[in-house]
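The structure appears below as structure tokens.
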Amino acid sequence: IINYSATKLIANSFNYKFIFVYAIIYVIWLVTKKNALILTNHLAESIVFKVRKRVVNYLMNTELVHFEELGRAEIYARLTKDTNEISGSSSPIINGIQATVLVIFALIYLMFLNFIAFIVTFILLCLPIINYFVGLQRIEHQFTESNRLETDYFETINEITGGFKELKINQQKKYDIFSGKAQSLAQQLMNKKILTGAKLTNFFIFAVACFYFLLGLMVFIVPELDKSVFADVAKITSTILFIIMPLSDAVSSIDSVNKASVAVKNLIDLEEKLVVRTAGTKEEPVLCGLFDNFKKIQFQELEFEYYDDSGKKQFGIGPINFEVNRGEIIFIIGGNGSGKSTLIKLLTGLYKPVAGKILIDGEMEVNVGNLQEYREQFGVIFSDFFLFSELYGIADLDKNKVLNLIDKMQLSKKTSFKDNAFTNRNLSTGQRKRLAMISVMLEQKNIFVFDEWAADQDPEFRKYFYNELIHEFKQMGKTIIAITHDDHYFDKADKIYKMDYGTFSEYKIG
């Protein structure tokens, strides 16, 4: 329309109906461009939502040992950085696709104007495309390496934030991780991204160089070789100039396509790992309180083993043989590295034994089908416990009951309860463990498991824990399994067992 109208204006024979035609085309472009971007953004966000939902569903069904194998850093990077990469790439990619369509139709228009001009333009536009696909594998490899380095860097930052106190009191340790590992990874990441950026710049510059070379050919060379081009040189050059912006958009979108492609591959890789470990997503079991009235739990010949990446055994515990009667107080003792924490994960069903079995009341065996029913019997405070931002999983919370428990734990001057959450969680480790104790008490499980809970309490509260609190639990019909080193409180237990480098035996006082 523009070329035709310009020709008519020069010839003083312009038809004003083309203004109306141009206006219609303009409105169609405006509406379709807007809708395309909105719909594409909606599509991309819907895809990201579905991927996140699917991966989280797999995570829900992933066993603890497999979660530990994958590592939090990889899972976090995939669900945040990679999904955001896909989301952020949607608009540039759709712009690139629309730009490519416009370039194709401009080439078709050129073919009708002058076939020689079309051939020359087609060849010079194909050169950067061929150049890109020749180097595509190298570029994707660079993006993958950058992604791996970023994951490693996230993991290091996680170490820094998690161990900030320890780093502040040990200068050499601080320098090793800040100036050593973190800086080294940041340097490698920077170099990798600079290298990748340079390669993408080379592709872009080559494409632009081909474009301006094409303009020079059309104005200075082609008309001299083919006189038929001379008559349409103004239309040809204006058409080529018209596609400079869409061509630039198409080339620029390559970077977004590459980043999104690597992000998709990473997510597929994570999903495949989770599928293998979960044998596909499973429906959450409907809980019916199958073991709520248990009288006795028997652990027979239980064994568990850790393996390294090569499949070589690193450490194992067992065989474990003992029984827990409802309402008992059981202490488990042992040195560091003896396997106490592993034992707790095994007893609570977080680790599946490689041998042996768990029997409820001497009859029903714990298996895959009823494993969650078994896990639901336990309220656990691990040594590396995590205090959630809200009291999840507890229905119909009574605020007054929570406030009474806060007062019972001597924390009423430190925190309160509002909107299903403690108002202040920025407390000492011992005080935060008391908040975790409140959460466990509110969950009303049948078996309380405490992994070195008293170790971070002051002497007064430690005495209260052993002399009063656990006996209150016992009177309520709760079973208590506690890992402890407090030998002067051993007389408070009904049974004591000892872990010693993976072996398990009953411990007799005196």
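The values are calculated or read from the model by the stated rules, or taken from the named source; none is laboratory data. Just so we're clear, the structure is a prediction, and the values are computed from it rather than from any experiment. Every residue, glycine as well, gets a Cβ built from its backbone with ideal geometry; the counts of neighbours run over all protein chains shown. Heavy atoms of the whole protein, side chains included, go into the accessibility calculation; ligands, DNA and RNA do not. Shrake-Rupley method; radii C 1.70, N 1.55, O 1.52, S 1.80 Å.
Would you please put 300-308, 93-101 in order of how densely packed they are, using the mean number of other Cβ atoms within 10 angstrom per residue and starting with the highest? Walk me through the numbers before you get to the answer.
Details: 300-308: 15.6, 93-101: 18.2.
Packing proxy ranking, top to bottom: 93-101, 300-308.
Counting alpha carbon pairs within less than 8 Å and at least 6 residues apart, what relative contact order, in whole percent, applies to the range 40-152? Please report the intermediate quantities before stating the final value.
Details: 29 pairs, mean separation 36.0, N = 113.
In percent, rounded to a whole number, it is 32.
How do Tyr374, Tyr109 stack up against each other in accessible area, from largest to smallest, with a 1.4 angstrom probe? Please report the intermediate quantities before stating the final value.
On the way: Tyr374 0, Tyr109 85 Å².
My answer, sorted largest first, is Tyr109, Tyr374.
Please tell me the relative contact order of the range 383-425 in percent, rounded to the nearest whole number, where contacts are Cα pairs under 8 Å and at least six residues apart.
Values: 25 pairs, mean separation 16.2, N = 43.
With pairs under 8 Å counted, the relative contact order is 38 percent.
Among (1) 135, 95, 48; (2) 66, 51, 50; (3) 113, 48, 47, only one was calculated for this model; which label is it, if the read-out is Cα extents along the principal axes in Å?
(3)
Using a cut-off of 20 Å between alpha-carbon atoms, which lysines can reach Lys352, once sequence neighbours fewer than 8 places away in the same chain are excluded?
Partners found: Lys273, Lys282, Lys296, Lys312, Lys313, Lys340.
What's the carbon and sulfur percent of the range 270-358's accessible surface, probe 1.4 angstrom, rounded to a whole number? Walk me through the intermediate numbers first.
Details: 2160 of 4470 Å².
C and S atoms contribute 48 percent here.
Based on DSSP H runs of at least 4 residues, each adding -39500 (n - 2.57), what is the mean residue ellipticity at 222 nm of the chain after dividing by all its residues, to the nearest 500 deg cm²/dmol?
Numbers: 20 runs with 291 residues, N = 510.
Helices in the chain give a 222 nm mean residue ellipticity of -18500 deg cm²/dmol.
Of Ala44, Phe143, Leu247, which is farthest towards the positive pole of the chain's charge dipole, taken about the Cα centre with +1 and -1 on the beta-carbons of Lys, Arg and Asp, Glu respectively?
Leu247
Using DSSP H assignments, which helices in the chain have an axial alpha-carbon span of 20 Å or above and a mean Kyte-Doolittle hydropathy of -0.5 or higher? List each step's numbers first, then the result.
Details: long enough: 17-60 (64 Å, 0.87); 83-113 (45 Å, 1.27); 115-134 (28 Å, 2.54); 136-162 (39 Å, -0.96); 183-216 (48 Å, 0.83); 244-278 (51 Å, 0.41); 429-443 (21 Å, 0.01).
Going by DSSP H runs, the hits are 17-60, 83-113, 115-134, 183-216, 244-278, 429-443.
Would you list, by chain and number, the lysines whose Cα falls below 26 Å from the Cα of Lys227, excluding same-chain residues fewer than 8 positions away?
Cα-Cα hits under 26 Å: Lys8, Lys235.
Taking a probe of 1.4 Å, how large is the accessible area per residue of the range 387-467, in Å²?
Working: 4140 Å² over 81 residues.
Accessible area per residue, the range 387-467: 51 Å².
Among the listed pairs Lys401/Lys478; Lys408/Lys498; Lys53/Lys192; Lys173/Lys259; Lys345/Lys413, give every one whose C-alpha distance is greater than 25 Å.
Where the Cα-Cα span goes over 25 Å, the pairs concerned are Lys408/Lys498; Lys53/Lys192; Lys173/Lys259; Lys345/Lys413.
Ser428 to Lys399: extension gain in nm, 0.36 nm per residue of separation minus the Cα-Cα distance?
On the way: separation 29, 0.36 × 29 = 10.44 nm, distance 2.34 nm.
So the extension gain works out to 8.1 nm.
Rolling a 1.4 Å sphere over the protein heavy atoms, what is the accessible area per residue of the range 17-85, to the nearest Å²? Working shown, then result.
Numbers: 4520 Å² over 69 residues.
Accessible surface, normalised per residue, equals 66 Å².
Run the simple label-point estimate for Lys81 and Leu195 please: 7 Å along Cα→C-beta, distance reported in nm.
Modelled inter-label distance: 1.7 nm.
So how exposed is Lys474, as accessible area in Å² (1.4 Å probe, rounded to 10)?
70
Given a Förster distance of 51 Å, report the FRET efficiency between Ile24 and Val275 from their Cβ-Cβ distance, rounded to the nearest 0.05. Mind showing how you got there, number by number?
Details: r = 51 Å, r/R0 = 1.01.
Taking R0 as 51 Å, the efficiency between Ile24 and Val275 is 0.50.
Tell me, what is the per residue accessible area of the range 154-302 in Å², probe radius 1.4 Å? Please list the in-between numbers first.
Working: 8860 Å² over 149 residues.
Accessible area per residue: 59 Å².
Give the accessible area for Thr151 in Å² (nearest 10); use a 1.4 Å probe, count only protein heavy atoms, and leave out ligands, DNA and RNA.
It works out to around 20 Å².
Please name which of Ser256, Leu9, Ile157 has its Cα lying farthest along the dipole of the chain towards the positive end, using unit charges on Cβ (Lys, Arg +1; Asp, Glu -1) and the Cα centre as origin.
So the residue we want is Leu9.
Between Leu387 and Asn61, what FRET efficiency comes out of the Förster formula 1/(1 + (r/R0)^6) with R0 = 25 Å and r the beta carbon distance, rounded to 0.05? Mind showing how you got there, number by number?
Details: r = 24 Å, r/R0 = 0.98.
It comes to 0.55.
Hey, if you put +1 on the Cβ of every Lys and Arg and -1 on every Asp and Glu Cβ in the range 165-241, which of Ile194, Gln172, Leu225 ends up farthest toward the positive end of that dipole?
Gln172
So, in Å, what gap is there between the alpha-carbon centers of the range 188-267 and the range 58-110?
24
Take the Cβ-Cβ distance between Ile268 and Ile509 as r, set R0 to 45 Å, and report the resulting FRET efficiency rounded to the nearest 0.05. Can you show the working numbers first?
Details: r = 57 Å, r/R0 = 1.26.
Efficiency, rounded to the nearest 0.05: 0.20.
Using only alpha carbon pairs under 8 Å that are at least six residues apart, calculate the relative contact order of the chain and give it in whole percent. Walk me through the intermediate numbers first.
Details: 589 pairs, mean separation 80.5, N = 510.
Once divided by the residue count of the chain, the mean separation gives 16 percent.
Leaving ligands, DNA and RNA out of it, work out the accessible area of His141 with a 1.4 Å probe and give it in Å² to the nearest 10.
100
Run the accessible area of the range 55-142 with a 1.4 Å probe and give the carbon-and-sulfur part as a rounded percent.
On the way: 3220 of 4550 Å².
Roughly 71 percent, rounded to a whole number.
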